[in-house]
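K.L.:
Sharing a structure with you now.
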Amino acid sequence: MQNNSQQFKLLLTLKLRQLHSNGLQGICYDDLYRMFTTHVWKHNKPSHLSELADDVLKITDEDVVRWLATESKIQGFKSSLEDYKRLIDDEEL
């Protein structure tokens with residue numbers, strides 16, 4: 001099963017709507033796509049639509065928030081002050 005299949009896109013869209021209805025409007029489609037392709041299925045991608053659907057639909061709000069927080073921390077560790085130079089330069093005191 002390819003991760004960019006129509007079924008996968010539909011399942012992610014359904015999960016995203018569920019997350020938004022539960023008050024997590026800050027999460028976007030790309031967040032969910034990254035979570036599944038780089039974390040959930042890092043070593044073992046589902047080969048059947050039923051497995052893919054089960055994986056997407058069983059992920060909880062807490063799982064998504066936890067993964068996003070972890071991803072944010074990792075990106076923070078990989079960043080340097082130079083990465084924020086533009087933001088600092090744009091802000092005039």
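K.L.:
In this structure, is LYS78 surrounded by 13 or more Cβ atoms within 10 Å (Cβ to Cβ) and either at pLDDT 95 or above or not β-branched (Val, Ile, Thr) (or both)? Lay out the reasoning, then the answer.
P.N.:
Working: surrounded by 13 or more Cβ atoms within 10 Å (Cβ to Cβ): no; either at pLDDT 95 or above or not β-branched (Val, Ile, Thr) (or both): yes.
For LYS78, the condition - surrounded by 13 or more Cβ atoms within 10 Å (Cβ to Cβ) and either at pLDDT 95 or above or not β-branched (Val, Ile, Thr) (or both) - is not met.
K.L.:
Okay, moving on. Going through the range 33-70 one residue at a time, which ones are among the small types (Gly, Ala, Ser), loosely packed, with under 11 Cβ neighbours inside 10 Å and in contact (Cβ under 8 Å) with a residue 12 or more places away in the chain?
P.N.:
Hit for the range 33-70 is SER47, nothing else.
K.L.:
Within 15 Å of GLU62 (Cβ to Cβ), within 9 Å of the chain's Cα centre (by Cα) and surrounded by 13 or more Cβ atoms within 10 Å (Cβ to Cβ) - does that describe any residue in the range 2-24?
P.N.:
no
The values are calculated or read from the model by the stated rules, or taken from the named source; none is laboratory data. Computed from a predicted model, the values in this text were never measured in an experiment. Note that we place each Cβ from the backbone using ideal geometry, even for glycine, and neighbour counts take in every protein chain shown.
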